[in-house]
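The values are calculated or read from the model by the stated rules, or taken from the named source; none is laboratory data. Computed from a predicted model, the values in this text were never measured in an experiment. Glycine also receives a Cβ, built like all others from the backbone with ideal geometry; neighbour counts cover every protein chain displayed.
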Amino acid sequence: MIRVNSSSVLPSLEKPKESQQQESEHFERKGITHHSILQKSLAVTKTKQQIIFEKVMAISNDNVSKWDTVINTPLIKIDKIKPEDSPVLLLRAWAVIENFTPKEVFDQIYDTENRVKWDPVTMGLRVVEQIDENAAVIYFYVKTPFGITERDFVQRRGFAFDYPEKGSIIMSFESCTHPSAPPLKNRIRGETHIAGYLLKPSSTRPGCTDLCILSQVDIKGSIPKAIVNMVAGKAPADWVKKLTKACERARKGGKF
C-alpha cells in the first residue's frame, strides 16, 4: 500500500549543499515553515520543488497499490486509498476537459481572480507572498454549513511548464505557515499533505486536455473522518464540471 510520506515515493536525497542551506535559513527567517521534517531540512529551491513534483508524479503513476475506484465514466475516473501512515484519504482522479488546451485549463486553476469566480472551495483566495516566478504562498478559506467552523489553508504552490514532458504542466500544493497568514480564532487551519494537478494534451482526443488531480487534505476538527472521506470521494466530479464551465466562460469572454 502506498505511503505518502514514505521514502519509497521520493527520490534519494543528498545532504543540502551549503548554498541550499543558506537559502533554507533565509526562508526560515522570513517565517515560512513546512510541516514535514524532510521539508524543513531542504531549501525552497528548484531542487526541493523537483522533489515535490516527483512525489506528485509517483502517486499519479502508482499502479501497484490497491486503489478503490469510486467513479469510472468515459470523462472521469476517481480512485481513493487510505495510506498506511495516515487516516486521511488520498484521492486521485483523471478527467478529460473537452475542447480546451492544457494552458487554458491551467489559467483557470492558477489565476486567483479567475479561480474565486468559479471555485466555491477557494473563498478569499489570495497570494500571501510571491517566492519566485513559479512559486508562491497562498491563502484561502472554505465556507461550511451552519454550525460547522470554517476551515482555512495556507499552502506553498509551485508549477512548471513542459514538465514532465513538452506540452505538459504540473502544479503542486503543500501546507506551510507564514507570518502574514496566522491562524484565526474563527477558523480551523486545515492541512494539505499533498495536492497537485498534471495537465497534458489528450492522447486520444485532439484539442482536449487530460487532467490528473491529486488531493490529500486533513480538514482537522471534530468531524468524523469517515464522513469527510465519503464526501471527498465524490467532490472531484463536481469540481471538474465547474472547471469546464469556467473555461467555456473565459473563452467566450475573449480572455484566452
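Determine if region 171-180 includes at least one residue that is more than 15 Å from residue 95 (Cα to Cα) and of a type in the set (Val, Ile, Thr).
First, the residues of region 171-180 that are more than 15 Å from residue 95 (Cα to Cα): 171-180.
Now narrow it down to the ones that are of a type in the set (Val, Ile, Thr): 177.
Yes.
What is the number of the single condition among (1) among the polar types (S, T, N, Q); (2) assigned to a helix (DSSP H, G or I); (3) over 24 Å from residue 199 (Cα atoms) that residue 180 does not meet?
(2)
Please tell me if residue 80 is in the same structural domain as residue 209 (by TED's automatic domain parsing) and part of a helix (DSSP H, G or I).
Considered against the rule, which asks whether it is in the same structural domain as residue 209 (by TED's automatic domain parsing) and part of a helix (DSSP H, G or I), residue 80 comes out as no.
May I ask you to say which residue of 56, 44 is under 16 Å from residue 173 (Cβ atoms) and at pLDDT below 85? Walk me through how you get there before you give the answer.
Details: 56 fails: at pLDDT below 85.
The match here is 44.
Go through region 193-219 and give me each residue that's of a type outside the set (Gly, Ala, Ser), surrounded by 20 or more Cβ atoms within 10 Å (Cβ to Cβ) and either out of contact with any helix residue (DSSP H, G or I) (no Cβ under 7 Å at 6 or more places or on another chain) or farther than 25 Å from residue 138 by Cβ (or both).
Scanning region 193-219 gives 193, 216, 217.
Residue under question is residue 47, and the condition is that it be surrounded by 15 or more Cβ atoms within 10 Å (Cβ to Cβ), within 19 Å of residue 165 (Cβ to Cβ), touching a residue at least 12 places away in the same chain (Cβ under 8 Å) and among the hydroxyl-bearing types (Ser, Thr, Tyr); does it hold? Step through it out loud before you land on a result.
Working: surrounded by 15 or more Cβ atoms within 10 Å (Cβ to Cβ): yes; within 19 Å of residue 165 (Cβ to Cβ): no; touching a residue at least 12 places away in the same chain (Cβ under 8 Å): yes; among the hydroxyl-bearing types (Ser, Thr, Tyr): yes.
No, not satisfied.
Examine region 95-105 for a residue that is more than 22 Å from residue 235 (Cβ to Cβ) and among the hydrophobic types (A, V, I, L, M, F, W, C), and state whether such a residue exists.
No, region 95-105 has no match at all.
Please tell me if residue 159 is within 19 Å of residue 242 (Cβ to Cβ), modelled with pLDDT of 95 or more and either touching a Phe, Trp or Tyr at 6+ places or on another chain (Cβ under 9 Å) or in a helix (DSSP H, G or I) (or both).
Criteria not met by residue 159.
Could you identify the single residue in 105, 137, 96 that is crowded, with 16+ Cβ neighbours inside 10 Å, touching a His at 6+ places or on another chain (Cβ under 7 Å) and in contact (Cβ under 8 Å) with a residue 24 or more places away in the chain?
Details: 105 fails: touching a His at 6+ places or on another chain (Cβ under 7 Å); 96 fails: touching a His at 6+ places or on another chain (Cβ under 7 Å).
The match here is 137.
Among the residues in region 211-219, are any over 30 Å from residue 99 (Cβ atoms), within 14 Å of the chain's Cα centre (by Cα), in the same structural domain as residue 79 (by TED's automatic domain parsing) and modelled with pLDDT of 95 or more?
no
Just the residues that are among the acidic types (Asp, Glu) and in contact with a strand residue (DSSP E or B) (Cβ under 6 Å, 6 or more places away or on another chain), please, taken from region 132-184.
If the condition is that a residue be among the acidic types (Asp, Glu) and in contact with a strand residue (DSSP E or B) (Cβ under 6 Å, 6 or more places away or on another chain), then 150, 152, 174 are the ones that fit.
State whether the residues of region 51-62 include one that is surrounded by 20 or more Cβ atoms within 10 Å (Cβ to Cβ), touching a residue at least 40 places away in the same chain (Cβ under 8 Å) and in contact with an Asp or Glu (Cβ under 8 Å, 6 or more places away or on another chain).
The answer is yes, given that some residue of region 51-62 is surrounded by 20 or more Cβ atoms within 10 Å (Cβ to Cβ), touching a residue at least 40 places away in the same chain (Cβ under 8 Å) and in contact with an Asp or Glu (Cβ under 8 Å, 6 or more places away or on another chain).
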